[in-house]
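Q: Here it is, the structure, as structure tokens.
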Amino acid sequence: MGKRQTSLIVQLRSGHISLNLHLHRIHKSDTPHCPHCSLQGRRIPESVKHFILECPAYNVERFWLRGKVGRDANSLKALLAKEKMMKALVAYVDRTKRLRNIFGDAPPN
Ligand SMILES: [Zn+2]
């Protein structure tokens, strides 16, 4: 994996990542809640788990991820366990565009 991918995986593992739950802890966001779910009136912390496994705003991207890795798409542990899974996970994150401000767009292969 490249430096960009590795850095993203490290952040997903640690939870020290530019999602509202973490940003709120370090006083960089007014809210710990998911911006998409907040628009639907649901106050759900934007954790790594919510972002990767649960948020309905990314159902299309998650469907794609399932096509790539099958059932392992339902488990953060599985997604972070093997290099092949991690690559698919990074591609998922790129597709959501949620962390684009931090990581930029995916580099062309
Ligand atoms: Zn959400």
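The values are calculated or read from the model by the stated rules, or taken from the named source; none is laboratory data. This is a predicted model, so every value here is computed, not measured. Note: ideal-geometry Cβ built from the backbone for every residue, glycine included; neighbour counts use all protein chains shown. We work out accessible area using only protein heavy atoms, side chains counted, and drop any ligands, DNA or RNA first. Shrake-Rupley method; radii C 1.70, N 1.55, O 1.52, S 1.80 Å.
Q: Filtering the range 39-53 down to residues that are open to solvent by 90 Å² or more (accessible area, probe 1.4 Å) and part of a helix (DSSP H, G or I), which residue is nearest to the ligand (Cβ to nearest atom)?
A: Step one: list which residues in the range 39-53 are open to solvent by 90 Å² or more (accessible area, probe 1.4 Å), which gives 39-40, 42-43, 49.
Going one step further and asking which of them are part of a helix (DSSP H, G or I), we end up with 39, 49.
On the way: Leu39: 9, Lys49: 11 Å.
This residue is Leu39.
Q: Looking at this structure, is Gly70 at pLDDT below 95 and out of contact with any His (no Cβ under 8 Å at 6 or more places or on another chain)? Write out each step before concluding.
A: Details: at pLDDT below 95: no; out of contact with any His (no Cβ under 8 Å at 6 or more places or on another chain): yes.
For Gly70, the condition - at pLDDT below 95 and out of contact with any His (no Cβ under 8 Å at 6 or more places or on another chain) - is not met.
Q: Here's a follow-up. Is at least one residue of the range 66-73 assigned to a helix (DSSP H, G or I), open to solvent by less than 40 Å² (accessible area, probe 1.4 Å) and within 25 Å of Asp105 (Cβ to Cβ)? Show your work before the answer.
A: Our first condition is that a residue be assigned to a helix (DSSP H, G or I); within the range 66-73, this holds for 66-73.
Add one more test, that the residue is open to solvent by less than 40 Å² (accessible area, probe 1.4 Å), and what stays is 69-70, 73.
If we keep only those that are within 25 Å of Asp105 (Cβ to Cβ) too, we end up with 69, 73.
Yes, the range 66-73 contains a residue that is assigned to a helix (DSSP H, G or I), open to solvent by less than 40 Å² (accessible area, probe 1.4 Å) and within 25 Å of Asp105 (Cβ to Cβ).
Q: Let me ask something else. For the range 14-28, how many residues are within 16 Å of the ligand (Cβ to nearest atom), among the polar types (S, T, N, Q) and either surrounded by fewer than 14 Cβ atoms within 10 Å (Cβ to Cβ) or in a helix (DSSP H, G or I) (or both)?
A: Within the range 14-28, residues that are within 16 Å of the ligand (Cβ to nearest atom), among the polar types (S, T, N, Q) and either surrounded by fewer than 14 Cβ atoms within 10 Å (Cβ to Cβ) or in a helix (DSSP H, G or I) (or both) number 1.
Q: Working carefully through the options Thr96, Thr31, find the one that is surrounded by 16 or more Cβ atoms within 10 Å (Cβ to Cβ) and within 16 Å of the ligand (Cβ to nearest atom).
A: On the way: Thr31 fails: surrounded by 16 or more Cβ atoms within 10 Å (Cβ to Cβ).
When all the criteria are applied, what remains is Thr96.
Q: If you don't mind, there's one more thing I want to ask. Looking at the range 3-13, can you tell me whether even one residue there is touching a helix residue (DSSP H, G or I) at 6+ places or on another chain (Cβ under 8 Å), away from the ligand (no atom under 16 Å from the Cβ), in a loop (DSSP other than H, G, I, E, B) and modelled with pLDDT of 95 or more?
A: Checked the range 3-13: no residue is touching a helix residue (DSSP H, G or I) at 6+ places or on another chain (Cβ under 8 Å), away from the ligand (no atom under 16 Å from the Cβ), in a loop (DSSP other than H, G, I, E, B) and modelled with pLDDT of 95 or more.
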